[in-house]
Amino acid sequence: MNKKALRALLRERRALIAPESHGFTRPTGQGRRAPGLSQHQVDQLLHRTLGTYHRLESGSYPNPPTELLRDVARLFGLNEQEWVLLCRYALLQDPPGPLYSSSGKAIPGVWQEAVDGIEHIAYVSDASWDLLAGNKAFEELFPDHCPPSNTMHWMLLDPHARHMLTDWSTAWAPLLLPQLRAALAARPDDDTLRQIEKEVLADPDAAPIYEAGGSVIHPDGDERPLLHARLGPGWATMCAAQPLTTPGSRLMILVFHPGARRAHPRRPALQAG
């Protein structure tokens, strides 16, 4: 626990909340004059035992439950970046999921311009794999130049995808389905993810692979066979990153090489020094 940083973050945000906005009356005579909610008022609003919040803010609450941190974060109106900081300061780890279910659904508009400037196949999807932006090279990957509205749904369930994603049952599905499971663990109330899972479980080919489990949570660095609509069969090496203001979203860059895999040996890892 980083007590000093935790105390500073919580005090600053608590001071911004007017007690009157939650039905409390500010004393007019002698007494407390500090801005914002009192620690006691925070306990009342969170329906916690008196002194619970004081322990958290003072750093004397070792390993506070995530539920308490989430309730405090929402009461204080923290954004997703501040939520990450709160968990890192209090627990020395990143949060188990987003603070708000609506997070991860939108990116700054400049990302379209950024994606357009990438030479390789590139696109951005949100936390539910709904497509947010894609470049011309991404559109050319598909026979009709029309990318799917949800990339995960397409990759797992569309018959055309199972043709384009060469060796789908061995090279793609066992690596994609664990990503779906991991996303649901972080966002159990996401309707889009739940619907994809429902359809996967009803699919005779996808369901057994999904039930088999797996530990893959991202495709960064993977190399997989792919049938390009214009360039023909080849191999795609994947680069994955995340727009930092949009937790759960992903920027995907596919470096495609037509032909046999052995024609383009894997590059060594980049490292400083």
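Structure data summary
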item	result
Footprinting exposure proxy for LYS198, LYS3 (fewest neighbouring C-beta atoms within 10 Å first)	LYS198, LYS3
Among LEU176, GLY36, HIS47 - extreme Cα towards positive end, dipole of the chain, charges at beta-carbon	GLY36
Amide hydrogen neighbours beyond the local backbone of LEU37, cut-off 5 Å, H modeled	ILE17
Region 197-204 - phi-based ³J(HN,Hα) in whole Hz, Karplus 6.51/-1.76/1.60, Gly and Pro as x	4, 4, 6, 4, 5, 8, 8, x
Degrees between helix 66-75 axis and first principal axis of the chain (Cα, 0 to 90, nearest 10)	70 degrees
Partners for LYS136 among aspartates and glutamates (Cα-Cα distance below 14 Å; same-chain residues under 8 apart left out)	GLU113, ASP116, GLU119, ASP144
Calculated SAXS-style log₁₀ I(q)/I(0) at q = 0.10, 0.13, 0.14, 0.17 Å⁻¹ - region 110-263, Debye, Cα scatterers	-0.33, -0.57, -0.67, -1.02
Placed amide H near TRP235: partners under 5 Å, 5+ positions off or other chain	LEU226, HIS257, GLY259
For the chain: span of alpha carbons on each principal axis (Å, largest first)	80, 45, 35
Degrees, to the nearest 10: 80-91 long Cα axis against longest axis of the chain	70 degrees
Average projected area [Cα convex hull, region 44-182], square nanometres	11.3 nm²
Euclidean distance between Cα centres, region 213-252 to region 14-83, Å	42 Å
Histogram of C-alpha separations across region 3-91, 5 Å bin width, %	3, 14, 27, 27, 17, 8, 4, 1
The chain: relative contact order as a whole-number percent, Cα under 8 Å and 6+ apart	15 percent
Nearest 10 degrees, 0 to 90: helix 3-14 Cα axis against the chain principal axis	80 degrees
Cβ-derived FRET efficiency at R0 25 Å, ARG7 paired with ASN63, nearest 0.05	0.90
Value of relative contact order over region 110-263, rounded to a whole percent, pairs C-alpha under 8 Å and six or more apart	25 percent
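Readers should treat all values here as calculations from the given coordinates under stated rules, not as data from a laboratory. Predicted model only: the values in this text are computed from it and were never measured. FYI the Cβ positions are ideal-geometry reconstructions off the backbone, even for glycines, and counts take in every protein chain you see.
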